[in-house]
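J.: Have a look at this one before I ask anything.
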Amino acid sequence: MRKTPVWITLSCCLFALAIVALAQAVRKPGLWEMTSSMTYQKSPFPPGMPASALAAMSAPHTVQVCLTQAMIDKYGAPVSQNRDCQITNVVLKPTGMSAEMVCTGRMSGHGEMESSWTEGNVAKGRVHFTGTMQSGPNSMPVEWTVVSTSVYKGPDCGSVKPMPMPGDK
């Protein structure tokens with residue numbers, strides 16, 4: 001089994017998770033804890049891939065993220081710096097946000113992001129992505145959805161560093 005598709009998927013998932021998790025930030029800067037789960041509607045993985053590997057990638061994951069006021073002002077959420085993906089059509093609303101993610105490169109396609117919050121310390125998010133993933137000379141269709149819940153932990157991020165925003169050096 002080639003490891004390239006797994007690493008590409010994991011890196012794109014982390015990118016999407018950061019967007020979803022932090023898009024859910026209820027516009028409060030500080031430390032947030034996000035739990036997310038990913039499901040594949042079209043898996044890029046070969047049929048012979050062990051079920052335990054697929055289950056591990058689909059299991060809920062919890063991470064801590066630091067949301068800055070600059071991220072809130074520009075995107076409503078932190079947006080990871082990824083040279084292969086661009087965030088466009090950001091719409092900020094009083095109780096949520098939505099945006100599009102367009103990726104080119106080893107994983108190409110289009111994603112739709114949305115996040116909503118009804119109370120000050122909890123938010124829900126979703127990213128749905130459809131496209132293709134390059135694995136060697138082959139291109140495989142891929143479609144996945146990440147859903148998450150974020151909980152505000154406080155204004156101090158401690159040792160958790162914010163992700164750089166696109167354009168930062």
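J.: For residues that are at pLDDT below 90 and either of a type in the set (Lys, Arg) or surrounded by fewer than 18 Cβ atoms within 10 Å (Cβ to Cβ) (or both), tally how many sit in the stretch 101-120.
T.: Residues meeting the conditions: 6.
J.: Could you check how many residues of the stretch 121-139 are on the phi < 0 side of the Ramachandran plot and surrounded by fewer than 16 Cβ atoms within 10 Å (Cβ to Cβ)?
T.: 6
J.: Which of (1) farther than 26 Å from Val160 by Cα; (2) in a loop (DSSP other than H, G, I, E, B) does Arg83 not meet, given it meets every other one?
T.: (1)
J.: For the stretch 120-136, check the following and say yes or no: at least one residue is over 29 Å from Ser43 (Cα atoms), in contact with a helix residue (DSSP H, G or I) (Cβ under 8 Å, 6 or more places away or on another chain) and assigned to a strand (DSSP E or B).
T.: So far as the stretch 120-136 goes, no, none of its residues is over 29 Å from Ser43 (Cα atoms), in contact with a helix residue (DSSP H, G or I) (Cβ under 8 Å, 6 or more places away or on another chain) and assigned to a strand (DSSP E or B).
J.: For the stretch 126-139, give me the residue count where each residue is farther than 20 Å from Arg83 by Cα and modelled with pLDDT of 90 or more.
T.: Matching residues across the stretch 126-139 total 1.
J.: If I ask for residues that are surrounded by 14 or more Cβ atoms within 10 Å (Cβ to Cβ) and either part of a loop (DSSP other than H, G, I, E, B) or acidic (Asp, Glu) (or both), which ones from the stretch 50-72 would you list?
T.: The answer is Thr68, and nothing else.
J.: Among residues belonging to the stretch 140-159 that are buried (at least 16 other Cβ atoms within 10 Å of the Cβ) and of a type in the set (Val, Ile, Thr), point out the one that is farthest from Lys28 (Cα to Cα).
T.: Val142
J.: Would the stretch 2-19 turn up any residue that is modelled with pLDDT of 75 or more and among the aliphatic types (A, V, I, L, M)?
T.: No, the stretch 2-19 has no match at all.
J.: Taking interchain pairs and intrachain pairs at least six residues apart, which have beta carbon atoms under 7 angstrom, with the first residue in the stretch 101-112 and within 15 Å of Asn89 (Cβ to Cβ) and the second in a loop (DSSP other than H, G, I, E, B)?
T.: Note: pairs meeting the criteria are Cys103/Asp84.
J.: Name the pairs: first residue in the stretch 125-141 and farther than 13 Å from Thr104 by Cβ, second residue among the basic types (Lys, Arg) and in a strand (DSSP E or B), Cβ to Cβ under 7 Å, at least 6 apart or on different chains?
T.: Within 7 Å, the pairs are Pro141/Lys42.
J.: Restricting to the stretch 27-82, count the residues that are at pLDDT 80 or above, of a type in the set (S, T, N, Q) and within 27 Å of Gly154 (Cβ to Cβ).
T.: Qualifying residue count, the stretch 27-82: 7.
The values are calculated or read from the model by the stated rules, or taken from the named source; none is laboratory data. Being a predicted model, the structure only gives us computed values, none of them experimental. Every residue, glycine among them, receives a Cβ derived from its backbone with ideal geometry; neighbour counts consider all protein chains shown.
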